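One structure is given below, encoded as structure tokens.
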Amino acid sequence: MSDPRLTIAKRELSVLRKEKTIVLALLIQLFIAAFSSFLVVGLVSLYDPTSVDGYTVDVAVTGDAQDDLLAVTNDQRSIRGLAYPSTDAAMDAFEQRRVDAVLDTAVVDDRVRVAAVAPDSNIRTTLVVVQLRDALRAFERAERADRAASLDTTPLELPPEATTSPYFGFTYTVLIPLLLFLPVFISGSIAVDSITEEFDRGTLELLRVAPVSLVDIVDGKLAAAAVLAPAQAALWILLLRFNGTQVHNVALLLLLVASFSLLVVSVAIGIALATPDRRSAQLMYSLAVLLLFGGTALLPWNPANAIARLAIDSVGTDVLGVVVVYTVVAVVGYVGVRKLTHHVDETSL
Amino acid sequence: MSGRPNGRQRRWRQILRIARWEVTRSAGTIDRRTAIIGLVALLLSGAVFGATAAAGVSGIALDRDIYRVGVAPDSPYYEPVVQSAALSVRPPSEGLTPGGSLDILVRDGQFAVADTQKGEAALAEFRGAVESYNDRRLSREKNQSAAFPVFVDLQYVARDEGFGGSGGAVSVDDGTSSGTTGGTGSSGADAGSSGGSGPGETTGGDRGPSATGGDANSDLPVPDVATGGGGLFGGQTSGSPAAISPPFPFGSLLLAFVFLVPMNFVIQAYGSTILNERINRRGELLLVAPVGPGDIVAGKTLPYVAAMVLVTTAITVAVSVFGGGTAGVVTVLSVFPVALLFLAATFVGAMFARSFKELTFVTVAVSVFLTSYVFVPAIFTNITPIALISPLTLVVRDLQSSGVSLLQYGFSTGPFYLGASVLFLLGLGVYREEDMFTQRPVPLKFLDALDSQIRSKWSMATLSALFIPFVFIAELLAVAILFALPIAVSTPLLLVTIAGVEEVAKSLHVYAGFKHARFPRTLRSALVLGTLSGFGFFVGEKLLAVVQLIGFGDLELGQQLLASAGVGTDVDPLVALGLLLAPLALHTVTTSISAVGATRDRWSYAATVGVATLLHAAYNLTVVTSLV
């Protein structure tokens, strides 16, 4: 006869398949991924207009330091300085949309005051402001160099500009951790439902008549829920690779996700056994997960960072240590739940 | 006449009694053990937070040490790398990536970068780190005017954009940037606060920038470079160039979470209590009581609505106190419809779900979709009128004391109120014995719910019109998702998606009607129902067009969405009439096509919807290419 725990796990998974809820879960995750990518691509093109090809900001430059500022803007890739004789002329050009912004300079007390005007209530505002800031920072460096004699410290020379998109960092620090954690949370939620449902419908009583112990039942349910998350994580990693994102250290990542999954599902089952009412159990579970991940997020070796560093291939011995620690914690959690299950009064169910 | 108030009073008393019963029963489920476990969880988390706080860790660093820089301790670039969170210091001997493990190697003032994407990203991070390191060192310099020789005052001036209601400038309030207010007070915020007065007046008076130089002379404040960022709800507008930050309302991101996360807890409980009624036929007792299903649902929902309002009010007060804003009644009123839609969607989900597990997924789906709908446009709060489709924009404006007009409130919250009502209506339709206590797949339940709303053939038109808010939401989400793709891919995809969404929304209830044999399965009735449904949708869409006048024509993709609705630009009357009637013809024809398929079975229905979608998309394509 096969292991009853395996039978129970299989039954759990087949129920999920029949209700097609797992499809919904994958869809939700895909949606979240697409959505956060939208946010980032949208924001990136706002904050880093150079990633939008051929976009230049036309700026009207007037005032005392006109020539100095124009010399700087001429060196910038995505900003074009245009000389205007007066503030009024520049503002007129701005009103008539011949320029995107106005920089009016005035030398006051050996300092250059720049009054910048950017268009409002337009999606271009952010684009323009980012470009203005970059140009003005370059201008500041040039002006600073002219005054170097009166400075005690010499600023360090900047490294060359890079041609990169912030999307790269986002993919590893936010998107991948998000995609790998979501299945873990959902698995825990499934585990809570699975146990409380049995309580609620009174079916646990029937299961108890079968020649299996409560520990077996819990083990089976736990296995089903805990296996789901790494499987989904593997799917996401495959999808990301297919999409051109390199994910390194896949084996370690899956081990980490499996540990989180085991830990979270154990916590979920512990909560469900302690509070058989579904409402309070789900509430407690949400709170616990929120606190668990909110709390660990503050740690220097937080789980999201560990995943990011594994995926981007910046693994040091500290990250390996983190993986080991989380795995040990997960195993301890699982053993704890088994102990708890032994102590549950079976007649009270 | 005298009997009615009494009747109404009695109804109210019944609803309140059910509400009270719901509250006491819910409180009963939290026994002593639950309370103790909750307390332990809280204490544990407190310990975790306390321990990390004690360890002196500040902030959440997701990108800690993700790039590796090889730099010797005696190099001047050693300090910037140490101070940067994302960069980790490595001995230079390790070598660059293909052979070694470094992304950047600094040696003798030269920078070698690994030839990978990661190397480039590391270089950008490194450049930023050196830049802010320079700024930090210079801020300790005695001669501040030499260290920061440039001082910027940024102001936003509205140019005439041609939007009716929202043409005014959004104030970028600079209240939080300490130390800079002295010099820039007078001109900084004027452009914003003049509101809808239009560009002529805004710039006519004091010609903006030139006035600033004069009045602020001797005591230029020390630029605020250490923080780099601006206030919570808007960019910083004056200081050294490094201090200028573009208007990125990070606040709305924060707000989305602050207001919506607690809602998830409430809907979890609400979904459970509704599903509880259905499991083991528990709700049967309530149903046989002399109370209507509407009253039962109202009574059971009331405590949760109250909880939502309470939580929202508490959060509003907290946000006002900690965020330094002036949130008030407007905020609560803006978040309320979101809460209502959360509850309504959960109610329908709980009415359809077969098990708790299914309910969990439905709840997650609801909160994900709603959160993203609320959240996207809020990012663009200070930038574009499209932001107004999210009530969170109203909250941000309320916090900035920018004022919210009744029209704006209606535009933002209208779809939410309408959507919530429709969902409650649908859920109520299946709040009856034959649906509540049977186990059927969700799609079938959904068709049941649609069918329960059909009274006559005219219901087709009403239902089509009622679906408009959902179509609107679905299409906006499609725009949001497809926005990320290159425009050559996204435009055709979007046209087909929008057409598909509309065709399904127009024909689903027709299919439900045929499925439940409400109408004879003849060609004639298919054509009648299809025409009516198309007509209803057309009327609803025209209402949407009116809403468009408030603003929402800025985004290129948005224009395509609306162009298909016949909301073109200025055209002569004859063409305008044609544009008005053409969509009517389109909707009736395509819906009739789907209706013909609906008379048969599932597969022919799907096939005809496909045909209708393609026809619709082709029409949209012609309109978009000829108008835009």
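Structure notes:
- DSSP bridge orientation in chain A - percent antiparallel, rounded to nearest 5: 40 percent
- Partner shielding of B:71-79 amounts to 1, given as the average count of beta-carbon atoms from other chains within 10 Å of each residue beta-carbon.
- Residues A:TRP236, A:TRP301, B:TRP458, sorted so that the one with the fewest Cβ neighbours within 10 Å comes first: B:TRP458, A:TRP301, A:TRP236
- Calculated P(r) of region A:215-349 - Cα pairs past 23 Å, %: 40 percent
- Listed peptides A:274-281, B:108-115, A:104-111 by packing density, highest first (mean Cβ within 10 Å): A:274-281, A:104-111, B:108-115
- Whole-Hz couplings from phi, Karplus 6.51/-1.76/1.60, listed for region A:223-238; x for Gly and Pro: 4, 4, 5, 6, 6, 4, 5, x, 4, 5, 4, 4, 4, 5, 4, 4
- Karplus-based coupling profile of region B:80-85, in residue order and whole Hz: x, 5, 4, 6, 7, 6, with θ = phi - 60° in 6.51 cos²θ - 1.76 cosθ + 1.60 and x standing for Gly or Pro.
- Total charge dipole magnitude, region A:57-117, about the Cα centre, Cβ charges on Lys, Arg, Asp, Glu only, Debye to nearest 20: 260 debye
- Amide H to amide H distances under 5 Å link B:SER238 with B:LEU154, where only residues 5 or more positions off or on other chains count and H is placed in the peptide plane.
- Residue exposure proxy: B:GLU120, A:GLU157, ordered by other Cβ atoms within 10 angstrom of their Cβ from fewest to most, comes out as A:GLU157, B:GLU120.
- For region B:292-300, the Karplus equation 6.51 cos²θ - 1.76 cosθ + 1.60, evaluated at θ = phi - 60°, returns couplings of x, x, x, 5, 4, 5, 4, x, 6 Hz by residue, with Gly and Pro reported as x.
- Inter-chain Cβ neighbour average for residues B:273-279, partner chain, 10 Å: 2
- Long-range HN-HN contacts of A:ALA83 with modeled amide H, under 5 Å: A:VAL61
- Annotation: amide H-H contacts under 5 Å for A:ARG98 (H modelled 1.01 Å from N, sequence separation of 5 or more, or interchain): none.
- Per-pair calculated FRET efficiency, R0 = 60 Å: A:ALA149 and B:ARG13 via Cβ, rounded to 0.05: 0.10
- Using only alpha-carbon positions in chain A, the gyration tensor eigenvalues give semi-axes of 60, 21, 17 Å once each is multiplied by 5 and square-rooted (largest first).
- Electrostatic tally near B:LEU123: other residues with Cβ closer than 9 Å to its Cβ, Lys and Arg +1, Asp and Glu -1, net -3.
- Applying 1/(1 + (r/R0)^6) with R0 = 56 Å to the Cβ-Cβ distance of A:LEU238 and B:ARG282 gives a FRET efficiency near 0.80.
- Per-residue shielding of A:194-203, expressed as the average number of other chain Cβ atoms within 10 Å of the residue Cβ, stands at 2.
- In terms of other Cβ atoms within 10 Å, B:PHE537, B:PHE257 run from fewest to most in the order B:PHE257, B:PHE537.
- Candidates A:LEU182, A:LEU26, A:LEU239, ranked by Gaussian network fluctuation over chain A, Cα under 10 Å, top entry: A:LEU239
Throughout, read-outs are computed from the coordinates displayed, never taken from laboratory work. From a predicted model like this one, the values you see are computed outputs, not experimental measurements. A quick note on method: Cβ atoms are made from the backbone with ideal geometry, for glycine too, and the neighbour counts reach across all protein chains shown.
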